[in-house]
Amino acid sequence: MVGKGLDLSVIAELFFYAAVTMVPTALPLSILLASLMTFGNLGERVELTAMKASGISLFKIMRPLIILIVAVATGAFFFQNDILPVAQTKMWTLMFSIRQKSPEVEIPEKSFYNQLNGMNLYVAHKDRESGRLDSVIVYDTSRGMDKARIIMADSGRISFTEDKSRVRIQLYQGEMYEDFRDNFMGSSTSRYLPFRRENFEEKIAYIAYDANFNRMDDSLMRQQYIGKNIAELRSSIDSINHRVDSIRNITSTEIKERMYVDVPYYETRYVDHQPIRVARTEVNHAPYDLDSVFNSPRPDSYRSYVNGALNKARRAKNEFEFKSLALDEDQKNLRRHQIEMHKKFTLSLACLVFFFIGAPLGAIIKKGGLGMPLIISVMLFIVYFIFDNSGYKMARDGKTDVIAGIWLSTFVMLPLGIFFTYKAVGDTTMFDFDAYRRAWRNLRRRLGHHYDDERTFVLKEVVMDDVVPEEAIEIIDTTRNKLNDYKKLRGKLFNVAGVLKAYTEKKRLRQMLAELTSYLSNTRSHHVIAMLNALPTLIYPKTVGSLDNILTQLRSFYETEQQK
């Protein structure tokens, strides 16, 4: 559309029809997102749990929305059958009309411009403010290459006529050369040909150039598969099938009945003195001796026989290849009609499938808003779009059956809807991340890691053994030394021995941290308790720095206590 000089109303009309054709893609995604957000909000606000606690099943909760989605799916079917063909016809007719509109004349510098009918224009320099063209060369081939005219001018200008039906080229200070080859009475191959040379001060030429926007008739596009409803598609499919079957029968009959080595396919027999044409069942003459062709006394005769046979075979091959191309085109057109007819039903079923994916999934994850539902919706829709687009291309190219290709995405997403609905009815915890955290902690406890994700030290009311600053500093220093040894091993993890040693040091460091926290938990200081609770429970590269920092603060605290 760039450079076409279109009105804003034409662009807005094209965008409107394009937006209507996007409904089959956007509607399933919007239903998925809306159902996820709705049931996610109900689950997040515990409203879904309250309704289930009152004895209301999930299907009963979903019943009003199921009725609504069935109505939407029914409307989607009628949209696909009645509205979408009209919108697609209007959009593609408008698109082809825009494509055929001549672009604005934009003459480049130091390059030939060939967008004018029968004209090649060269401009050395162009003044964009005044529109002046310098050193202009025009090759006029509108009357044919044998009648070409060459115009060279010092300067010129280009403009449109008022009705924008022609281009006006105004040239100054130039020469024109014209050939008279067809008017010469002598031979066309003569050495001397007359021509005309003209010097001019000013010369004006007009070139047919329709710069207006002409809207095409949409009757041609309405006859294509994109502009037909189900009844018209079925009628077209029947007629194309009949034509394909006729071409196949005719071609197979021609191949079968073609005469080979001068033996006709049919022979005439007489039954009750009446001639009957029947298929030949056997050859009555002796077989041909092909070696005699090559043993001919004339050395060039066998070459002519072979060349004649090759030419005959090539002609037959080209004839049947041409017919096969016509048959392939009909089969391609047939597949496109079948695809368009099946797509009338896929949208309705996709709306139902995506609702039964989104609603149970929202009830499971219990997250509303636009965050988690939007991410899950986009991920599921990308999977749906990949399978839908792949199946469409395979069906269009004939690599798979049309039904299998067009319904592939539905066959993939339907089991997901059944699975999520089954899990939601059973109150599954498959998306309960707290349950996964509890399972992870239980697993680590079984492996000997007896600590939780957070430390929960509190100030003891009664302390039997007070913390001695000297002993506390000694334990802290020992732990810090072990931490430094572990940090040195982090860069040597590219061999088995380094990995095993790092694991051993890490296990020893955990034990020393457990001893340190157990001893310092007898403190009478709220500050020390806060620092103990801030100690990371897991040791990995991101927590090494904070662990070292807290140990340094604990040592400074007990140094101060020691001085007191």
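The values are calculated or read from the model by the stated rules, or taken from the named source; none is laboratory data. Being a predicted model, the structure only gives us computed values, none of them experimental. Reconstructed Cβ throughout: ideal geometry from the backbone, glycine too, with neighbour counts over all protein chains shown. All accessible areas refer to the heavy atoms of the entire protein, side chains included, with ligands and DNA or RNA removed. Shrake-Rupley method; radii C 1.70, N 1.55, O 1.52, S 1.80 Å.
Numbers at a glance
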{"read-out": "Listed residues 560, 251 arranged by accessible area, highest first, probe 1.4 Å", "value": "560, 251"}
{"read-out": "Length added when fully stretched, residue 208-residue 526, from 0.36 nm per residue minus Cα-Cα", "value": "105.1 nm"}
{"read-out": "Cut-off 16 Å (backbone N to label point 7 Å along Cα→Cβ of residue 25), residues of the stretch 332-368", "value": "347"}
{"read-out": "Length added when fully stretched, residue 455-residue 382, from 0.36 nm per residue minus Cα-Cα", "value": "22.1 nm"}
{"read-out": "Inter-site label distance for residue 51 and residue 305 at 7 Å from Cα along Cβ, in nm", "value": "9.0 nm"}
{"read-out": "Within straight-line cross-link reach of residue 203, lysines at Cα separation under 23 Å, skipping those fewer than 8 residues along the same chain", "value": "110, 126, 147, 164"}
{"read-out": "Estimated inter-spin distance, residue 312 and residue 506, nm [label 7 Å along Cα→Cβ]", "value": "8.4 nm"}
{"read-out": "Linear extension gain, residue 178 paired with residue 419, 0.36 nm per residue minus alpha-carbon span", "value": "78.6 nm"}
{"read-out": "Under 13 Å, Cβ to Cβ, from residue 368 - net charge with Lys/Arg +1 and Asp/Glu -1", "value": "+1"}
